[in-house]
Amino acid sequence: MPYDPAAFPPFAVTVDLVVLTVRRHALCALAVRRGEPPFQGRWALPGGFVRADEDLTAAAARELAEETGLLAHDPAVPAPPNAAHLEQLATYGDPKRDPRMRVVSVAHLALAPDLPAPRPGGDAHSVRWAPVESLLDQDGTFSRDAEQAAPLAFDHARILADGVERARSKIEYSSLATAFCPQEFTVGELRRVYEAVWGVALDPRNFHRKVTGTPGFLVPTGGTTTRQGGRPAQLFRAGGATLLNPPMLRPEV
(Lines give C-alpha, C1' and ligand atoms only; values in the text may rest on other atoms or scores of the structure.)
Protein backbone atom coordinates (compact mmCIF):
# COMPACT_ATOMS: atom_id res chain seq x y z
CA MET A 1 0.00 0.00 0.00
CA PRO A 2 1.35 3.49 -0.86
CA TYR A 3 2.01 5.88 1.99
CA ASP A 4 -0.91 8.26 2.55
CA PRO A 5 -0.15 11.21 4.89
CA ALA A 6 -3.87 11.91 5.23
CA ALA A 7 -4.31 8.56 6.94
CA PHE A 8 -2.55 9.88 10.04
CA PRO A 9 -3.87 12.58 12.37
CA PRO A 10 -1.92 15.88 12.32
CA PHE A 11 0.09 17.01 15.32
CA ALA A 12 2.38 19.89 16.19
CA VAL A 13 5.84 20.07 17.75
CA THR A 14 6.88 22.67 20.30
CA VAL A 15 10.00 23.49 22.28
CA ASP A 16 9.71 24.40 25.95
CA LEU A 17 12.61 25.95 27.85
CA VAL A 18 13.72 25.37 31.42
CA VAL A 19 15.87 28.49 31.82
CA LEU A 20 17.79 28.44 35.10
CA THR A 21 20.03 30.98 36.77
CA VAL A 22 21.17 31.84 40.30
CA ARG A 23 19.75 35.09 41.68
CA ARG A 24 20.19 36.25 45.26
CA HIS A 25 21.74 32.88 46.13
CA ALA A 26 18.64 30.98 44.95
CA LEU A 27 18.11 28.76 41.91
CA CYS A 28 15.52 30.54 39.76
CA ALA A 29 13.60 29.66 36.62
CA LEU A 30 12.01 31.86 33.98
CA ALA A 31 8.20 31.83 34.16
CA VAL A 32 5.75 33.54 31.81
CA ARG A 33 2.10 34.35 32.43
CA ARG A 34 0.14 33.25 29.38
CA GLY A 35 -1.79 36.01 27.63
CA GLU A 36 -3.87 33.75 25.38
CA PRO A 37 -5.84 30.50 25.69
CA PRO A 38 -5.34 27.76 26.60
CA PHE A 39 -4.50 28.37 30.28
CA GLN A 40 -4.82 32.13 29.85
CA GLY A 41 -3.50 33.91 32.93
CA ARG A 42 -1.60 30.85 34.18
CA TRP A 43 2.16 30.70 34.67
CA ALA A 44 4.12 28.50 32.28
CA LEU A 45 7.59 27.85 30.92
CA PRO A 46 8.67 29.89 27.90
CA GLY A 47 8.51 28.17 24.54
CA GLY A 48 6.69 27.99 21.24
CA PHE A 49 5.90 26.03 18.13
CA VAL A 50 8.67 24.75 15.87
CA ARG A 51 8.55 26.45 12.50
CA ALA A 52 8.34 24.44 9.29
CA ASP A 53 11.81 25.53 8.16
CA GLU A 54 13.80 24.95 11.38
CA ASP A 55 15.11 22.00 13.33
CA LEU A 56 14.67 21.51 17.07
CA THR A 57 18.00 23.05 18.06
CA ALA A 58 17.34 26.15 15.97
CA ALA A 59 13.83 26.51 17.43
CA ALA A 60 15.12 26.25 21.00
CA ALA A 61 17.91 28.77 20.28
CA ARG A 62 15.41 31.17 18.71
CA GLU A 63 13.04 30.97 21.68
CA LEU A 64 15.98 31.45 24.07
CA ALA A 65 17.12 34.58 22.23
CA GLU A 66 13.58 35.99 22.06
CA GLU A 67 12.89 35.41 25.76
CA THR A 68 16.27 36.33 27.28
CA GLY A 69 18.49 37.92 24.63
CA LEU A 70 21.00 35.10 25.12
CA LEU A 71 22.76 33.10 22.42
CA ALA A 72 23.07 29.33 22.58
CA HIS A 73 26.74 28.53 23.17
CA ASP A 74 28.59 26.25 20.80
CA PRO A 75 31.17 24.44 23.00
CA ALA A 76 33.55 24.25 20.04
CA VAL A 77 34.14 28.02 20.05
CA PRO A 78 34.91 30.56 22.81
CA ALA A 79 31.78 31.73 24.60
CA PRO A 80 30.66 35.33 23.92
CA PRO A 81 29.54 37.44 26.92
CA ASN A 82 25.82 36.79 26.25
CA ALA A 83 26.17 33.02 25.80
CA ALA A 84 24.13 30.35 27.56
CA HIS A 85 24.50 26.61 27.86
CA LEU A 86 21.64 24.90 25.98
CA GLU A 87 20.94 21.18 25.82
CA GLN A 88 18.00 18.97 24.96
CA LEU A 89 16.23 17.71 28.09
CA ALA A 90 13.44 15.27 27.19
CA THR A 91 10.37 14.75 25.00
CA TYR A 92 6.82 14.96 26.34
CA GLY A 93 3.98 13.47 24.31
CA ASP A 94 0.95 12.74 26.48
CA PRO A 95 -2.01 12.93 24.03
CA LYS A 96 -3.93 15.13 26.49
CA ARG A 97 -1.11 17.52 27.45
CA ASP A 98 -2.50 20.30 25.21
CA PRO A 99 -6.26 20.83 24.83
CA ARG A 100 -5.89 22.40 21.37
CA MET A 101 -4.56 19.40 19.49
CA ARG A 102 -1.95 16.67 19.72
CA VAL A 103 1.26 18.53 20.61
CA VAL A 104 4.64 16.91 21.28
CA SER A 105 7.08 19.08 23.21
CA VAL A 106 10.85 18.71 23.07
CA ALA A 107 12.07 20.46 26.21
CA HIS A 108 15.49 22.07 26.50
CA LEU A 109 17.56 23.14 29.50
CA ALA A 110 19.34 26.51 29.44
CA LEU A 111 21.82 27.73 32.07
CA ALA A 112 23.51 31.11 32.29
CA PRO A 113 24.84 33.63 34.83
CA ASP A 114 23.54 37.14 35.46
CA LEU A 115 20.57 36.78 33.16
CA PRO A 116 18.99 40.09 32.15
CA ALA A 117 15.61 41.29 33.37
CA PRO A 118 13.05 39.23 31.45
CA ARG A 119 10.71 40.81 28.94
CA PRO A 120 7.34 39.44 27.76
CA GLY A 121 6.94 38.41 24.15
CA GLY A 122 4.77 36.28 21.90
CA ASP A 123 1.69 35.08 23.79
CA ALA A 124 3.22 35.95 27.19
CA HIS A 125 1.32 38.58 29.19
CA SER A 126 4.11 39.02 31.78
CA VAL A 127 7.34 37.31 32.70
CA ARG A 128 9.52 36.99 35.80
CA TRP A 129 12.22 35.02 37.54
CA ALA A 130 10.92 32.79 40.32
CA PRO A 131 12.72 30.49 42.77
CA VAL A 132 12.23 26.92 41.60
CA GLU A 133 11.12 25.87 45.08
CA SER A 134 8.20 28.31 44.77
CA LEU A 135 7.28 27.06 41.31
CA LEU A 136 7.43 23.44 42.45
CA ASP A 137 6.01 23.95 45.93
CA GLN A 138 3.80 21.01 46.91
CA ASP A 139 1.64 20.38 43.85
CA GLY A 140 3.63 22.59 41.47
CA THR A 141 1.68 25.76 42.15
CA PHE A 142 3.11 29.27 42.04
CA SER A 143 2.20 31.65 44.83
CA ARG A 144 2.95 35.38 44.92
CA ASP A 145 1.91 37.87 47.58
CA ALA A 146 -0.32 35.26 49.25
CA GLU A 147 -2.39 35.01 46.04
CA GLN A 148 -4.02 31.64 45.49
CA ALA A 149 -2.28 30.39 42.36
CA ALA A 150 -3.18 27.70 39.87
CA PRO A 151 -0.74 24.96 38.86
CA LEU A 152 1.68 25.63 36.04
CA ALA A 153 0.10 25.34 32.60
CA PHE A 154 0.22 22.16 30.55
CA ASP A 155 2.65 19.62 32.04
CA HIS A 156 5.24 22.30 32.78
CA ALA A 157 5.60 21.42 36.47
CA ARG A 158 6.89 17.99 35.42
CA ILE A 159 9.18 19.51 32.79
CA LEU A 160 10.58 22.01 35.27
CA ALA A 161 11.17 19.31 37.88
CA ASP A 162 13.00 17.20 35.30
CA GLY A 163 15.16 20.16 34.28
CA VAL A 164 16.08 21.01 37.85
CA GLU A 165 17.02 17.39 38.58
CA ARG A 166 19.12 17.27 35.37
CA ALA A 167 21.07 20.34 36.53
CA ARG A 168 21.48 18.97 40.07
CA SER A 169 22.76 15.64 38.77
CA LYS A 170 25.07 16.94 36.06
CA ILE A 171 27.01 19.33 38.29
CA GLU A 172 28.09 16.28 40.28
CA TYR A 173 30.11 14.73 37.46
CA SER A 174 30.57 17.53 34.91
CA SER A 175 31.81 21.11 34.83
CA LEU A 176 28.30 22.39 34.12
CA ALA A 177 28.21 24.47 37.32
CA THR A 178 30.57 26.97 35.70
CA ALA A 179 27.80 27.79 33.21
CA PHE A 180 26.10 29.67 36.08
CA CYS A 181 29.24 31.78 36.65
CA PRO A 182 30.69 34.75 34.80
CA GLN A 183 33.76 34.13 32.66
CA GLU A 184 35.99 34.87 35.67
CA PHE A 185 34.79 33.85 39.12
CA THR A 186 35.97 33.02 42.61
CA VAL A 187 35.76 29.66 44.36
CA GLY A 188 33.28 31.26 46.76
CA GLU A 189 31.00 32.26 43.87
CA LEU A 190 31.19 28.74 42.45
CA ARG A 191 30.39 27.28 45.86
CA ARG A 192 27.28 29.44 46.10
CA VAL A 193 26.17 28.03 42.74
CA TYR A 194 26.44 24.48 44.09
CA GLU A 195 24.62 25.50 47.26
CA ALA A 196 21.80 27.15 45.31
CA VAL A 197 21.36 24.29 42.84
CA TRP A 198 21.59 21.53 45.44
CA GLY A 199 19.80 23.46 48.16
CA VAL A 200 22.41 22.63 50.82
CA ALA A 201 25.20 24.43 52.67
CA LEU A 202 28.74 23.29 51.87
CA ASP A 203 31.91 23.55 53.96
CA PRO A 204 34.00 26.31 52.33
CA ARG A 205 37.39 24.73 53.04
CA ASN A 206 36.44 21.25 51.82
CA PHE A 207 34.83 22.74 48.71
CA HIS A 208 37.91 24.83 47.91
CA ARG A 209 40.14 21.79 48.27
CA LYS A 210 37.93 19.64 46.03
CA VAL A 211 37.44 22.07 43.15
CA THR A 212 41.03 23.29 43.01
CA GLY A 213 42.30 19.70 43.28
CA THR A 214 40.12 18.31 40.46
CA PRO A 215 42.24 18.15 37.27
CA GLY A 216 41.04 20.46 34.51
CA PHE A 217 38.11 21.92 36.46
CA LEU A 218 39.43 25.40 37.24
CA VAL A 219 42.28 27.47 35.82
CA PRO A 220 43.69 30.48 37.74
CA THR A 221 43.50 33.71 35.75
CA GLY A 222 46.23 35.43 37.76
CA GLY A 223 43.83 38.12 38.94
CA THR A 224 41.99 38.84 42.16
CA THR A 225 38.78 40.60 43.15
CA THR A 226 37.27 42.23 46.24
CA ARG A 227 33.67 42.21 44.94
CA GLN A 228 32.71 39.77 47.69
CA GLY A 229 34.12 42.05 50.37
CA GLY A 230 37.03 41.31 52.66
CA ARG A 231 40.44 40.24 51.40
CA PRO A 232 41.15 39.86 47.66
CA ALA A 233 39.96 36.50 46.34
CA GLN A 234 41.70 34.62 43.54
CA LEU A 235 39.90 34.55 40.18
CA PHE A 236 39.47 31.41 38.09
CA ARG A 237 37.96 30.45 34.75
CA ALA A 238 36.50 27.15 33.61
CA GLY A 239 39.13 24.61 32.60
CA GLY A 240 39.00 22.20 29.70
CA ALA A 241 37.57 19.25 31.62
CA THR A 242 34.00 18.26 30.76
CA LEU A 243 33.86 15.32 33.18
CA LEU A 244 35.06 15.62 36.76
CA ASN A 245 37.23 12.90 38.27
CA PRO A 246 36.66 12.52 41.14
CA PRO A 247 33.07 13.76 40.96
CA MET A 248 31.53 16.39 43.25
CA LEU A 249 29.11 14.18 45.14
CA ARG A 250 25.84 15.76 46.24
CA PRO A 251 25.40 15.64 50.03
CA GLU A 252 22.55 13.53 51.31
CA VAL A 253 19.77 15.58 52.90
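The values are calculated or read from the model by the stated rules, or taken from the named source; none is laboratory data. This one's a predicted model, so the numbers in the text were calculated from it and none came from an experiment. Glycine also receives a Cβ, built like all others from the backbone with ideal geometry; neighbour counts cover every protein chain displayed. The accessibility values were calculated without ligands, DNA or RNA, using every heavy atom of the protein model including side chains. Shrake-Rupley method; radii C 1.70, N 1.55, O 1.52, S 1.80 Å.
From the residues in the stretch 191-200 that are touching a His at 6+ places or on another chain (Cβ under 9 Å) and touching a residue at least 60 places away in the same chain (Cβ under 8 Å), which one is surrounded by the most Cβ atoms within 10 Å (Cβ to Cβ)? If you could, list the steps in order and put the result at the bottom.
At the first step, the residues of the stretch 191-200 found to be touching a His at 6+ places or on another chain (Cβ under 9 Å) are 191-192, 195-196.
Applying the additional criterion that residues be touching a residue at least 60 places away in the same chain (Cβ under 8 Å) yields 192, 195-196.
Details: 192: 18, 195: 17, 196: 22.
So the residue we want is 196.
Before we move on, is residue 50 in the same structural domain as residue 102 (by the TED database), among the aliphatic types (A, V, I, L, M), under 15 Å from residue 84 (Cβ atoms) and open to solvent by 10 Å² or more (accessible area, probe 1.4 Å)? No: the conditions fail for residue 50.
Going through the stretch 201-227 one residue at a time, which ones are among the aliphatic types (A, V, I, L, M), exposed (fewer than 15 other Cβ atoms within 10 Å of the Cβ) and in contact with an Asp or Glu (Cβ under 9 Å, 6 or more places away or on another chain)? Answer for the stretch 201-227, where residues must be among the aliphatic types (A, V, I, L, M), exposed (fewer than 15 other Cβ atoms within 10 Å of the Cβ) and in contact with an Asp or Glu (Cβ under 9 Å, 6 or more places away or on another chain): just 201. Which residue is nearest to residue 218 (Cα to Cα), if the candidates are limited to the stretch 228-253 and must be surrounded by fewer than 12 Cβ atoms within 10 Å (Cβ to Cβ) and among the hydrophobic types (A, V, I, L, M, F, W, C)? The extreme case among them is 243. Checking 165, 184 one by one, the residue that is open to solvent by 40 Å² or more (accessible area, probe 1.4 Å), assigned by the TED database to the domain that holds residue 22 and either touching a helix residue (DSSP H, G or I) at 6+ places or on another chain (Cβ under 7 Å) or among the acidic types (Asp, Glu) (or both) is 165 and no other.
Applying the selection to the stretch 215-230, what residues are of a type outside the set (Gly, Ala, Ser) and within 20 Å of residue 182 (Cβ to Cβ)? Once the filter is applied, which keeps residues that are of a type outside the set (Gly, Ala, Ser) and within 20 Å of residue 182 (Cβ to Cβ), the stretch 215-230 yields 217, 218, 219, 220, 221, 224, 225, 226, 227, 228.
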